[in-house]
Each structure stands twice: as C-alpha cells, then as structure tokens.
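The values are calculated or read from the model by the stated rules, or taken from the named source; none is laboratory data. Computed from a prediction, not measured in an experiment: that's the story for all the values here. All Cβ positions, glycine included, derive from the backbone under ideal geometry; neighbour counts span all protein chains shown. We work out accessible area using only protein heavy atoms, side chains counted, and drop any ligands, DNA or RNA first. Shrake-Rupley method; radii C 1.70, N 1.55, O 1.52, S 1.80 Å.
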Amino acid sequence: MVVAPFFSSVAPVAKSATGKWVSRVGASGGGKTYKRSRPSNYYGALILIVVLGLLATVWARYDYQHPAPAVASTPPAVGTTWFAALSVQACGKTLPDLSPDPTNRGGFTIQEPNVIRVSPVSAADAGNNATLGQFAAEYPGLIASSTELAIPTRNGATNPSTTYHDGQACPTRTPYAGRTGHIVFAYWSTFGQKKPVITTNPSAIKFVQYMRVTMAFDPTGVVPRPPSQASVVAMVKAGQASTVTTTTTPSPTTTLKGATTTTTTPAASTTTTVPKG
C-alpha cells in the first residue's frame, strides 16, 4: 500500500482578511480614500499660505500708516552737546591735562583745559552708553578700568611713567611714595554736591551736564579732589556758548520826508558766577 506524504493531505491555510486588504492597498497605490484626501490637503495648505500672506501684508500696511508714537530716548541723545570737567590724579599729584585730539570723530572730545565735550554721534555713545568708560575707550591710548589706569603721551603712545596697576606701590617722589595704590573714579553730578560718589567701574558713571569727574590712583582712604577751578569755569563757558542762539530782529525805522533813520539797540551783557568746589 502506498502512503501519501503527510504534508500533501494538509489543506492550504487561507489568507487572513487583513492580509488581503494590505495586498489590495499595495497593488492600488494607497487606496481610493488616500487618493481622494491627498489633493484636498495639498490645496488646503496652499490656501492657508495665501491667507497668511495677505494678513501679513495688511498688518504691515497698517503699521506703516499708523506708526507707534516715538518713545523719548535716554539723554544725551544724538545731537546733544554737554560738557564735563576732568581731573587725573596719582599718588597725591595732579597729572597734566589730556591733550585735545582734533582727529577724533567719536562722541567724546577733549577741549582745553581738561574739558570733556559730550556730543553723541551714534547709539554707541548716547543715552546710557554715554559713560566715562566709553570716553576712555574713544580717547587714543587712554585706559581706564578697575585694574589699570594708563595716561598716554600727547601723541597717544603708552607712557610707562603714567601707567598704574591696581595694588602696586606709589612711585618715589610722590606724596604717598611706597604706599599701595588703588584705582578709583569719583564724580560730582551737581555744583552743590560736596562729597563725590566713588566707584571702581568707569562704565557706571553716566555723564550729565556740568559733571565733574576725577580718575585717580591713590592709597585707600584718600578722597580724590575735584577738577580745577579753571576746568570748571571753562566747562560752564563752553556750555553757555553752545546754547547761545542768534536772533535777528528788524530795527525800527522812522521816515521823515523821504529820509530814513535807523535806531540800533545794543545787546545786554550777562555775567555768570561759577560756584567754587
């Protein structure tokens, strides 16, 4: 008797319903539902992009036609001109005035005798950036920081004899020879201020009109002196000159039988007294 192989008597396993569905989807390229949804999503995205673009255009046009009110900038703004008096001291001695630099095109320039002209030309030296630290950064060769005070020569070169590092000893032939010196910056914001505000950070000193400021290298406990009276007087005169406006007023005329008589009134002179200290 011939016995048929065991596997020949086993009926083939029927494909599952899921398998048939996957096969049909694969053969058809994604199915009818997917084919119908793909174009609608594509065009919906295009419509959304167009709508957003129109909204952005309308909003930009509105902003252009209805600008926000200008916010007052922090003084000194670009175009402002202020003046301050400066002194540089080391170990009890007042150092020579800084030399004016006619080539400087920044917002800070030095005028004789040691008068700082504060006239911002950009945001870099205007508003809250109008500081003693920024002045030092713009003056050729001048270094003013919490660790170093370097006063250059008249041509802007480094001068070892007027370069000081915080913690070094005062040089010989000075009132505080041998004592440890420290770099400080003192300022007086008003003429009525007797005691200066002292800091080690020059960028914390923001200029105001008619400020007096001193950069110093002195031992602990020594209070820097304010700028000289000559610098203060020159500062005030420069400030007054910058605010003078010339007004032309027609002179009165009287006509008598074809003749014209012109009367000229001389301008009154003013005297300004600068407080001492």
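Spin-label model, residue 105/residue 147: points 7 Å from Cα along the beta carbon direction are separated by 3.3 nm.
The listed residues 139, 62, once ranked by accessible area (1.4 Å probe) with the largest placed first, stand as 62, 139. Rounded to the nearest 10 square angstrom, residue 165 shows an accessible area of 90 square angstrom against a 1.4 Å probe.
Evaluating kT/(6 pi eta Rh) at 20 °C and 1.002 mPa s, with the Kirkwood radius of the stretch 134-254 over Cα pairs in the Stokes-Einstein relation, gives 127 µm² s⁻¹.
At the residue level, residue 51 shows approximately 70 square angstrom of accessible surface with a 1.4 angstrom probe and all protein chains present. In plain terms, the chain from residue 52 to residue 94 could stretch by 8.4 nm, reckoned as 0.36 nm per residue minus the Cα-Cα distance. Legend: calculated FRET efficiency, residue 237 to residue 60, from the Cβ-Cβ distance at R0 = 41 Å, rounded to 0.05, equals 0.20.
When the trypsin sites (Lys or Arg not before Pro) in the stretch 137-206 are filtered for DSSP coil states and for at most 13 other beta-carbon atoms within 10 Å of their beta-carbon, the remaining sites are 154, 173, 194. With the whole protein complex present, residue 161 retains an accessible surface near 80 Å², based on a 1.4 Å probe. Note on the stretch 40-152: with neighbouring protein chains present and a 1.4 Å probe, carbon and sulfur make up 63 percent of its accessible heavy-atom surface. Here the gap between residue 165 and residue 124, fully extended at 0.36 nm per residue and compared with their Cα-Cα distance, gives a gain of 12.0 nm. Accessible area per residue for the stretch 136-196 is 55 Å², calculated with a 1.4 Å probe on protein heavy atoms, without ligands, DNA or RNA.
Backbone amide hydrogens, once placed in the peptide plane, bring residue 109 within less than 5 Å of 117, 119, excluding anything fewer than 5 places away on its chain. The length gained on full extension between residue 209 and residue 173, counted as 0.36 nm times the residue separation minus their Cα-Cα distance, comes to 9.3 nm.
For residue 218, the residues 5 or more places off, or on other chains, whose built amide H falls under 5 Å of its own are 91, 182, 184. For residue 148, the amide hydrogen comes within under 5 Å of the amide hydrogens of 166, counting only partners 5 or more places away or on other chains and with H modelled in the peptide plane.
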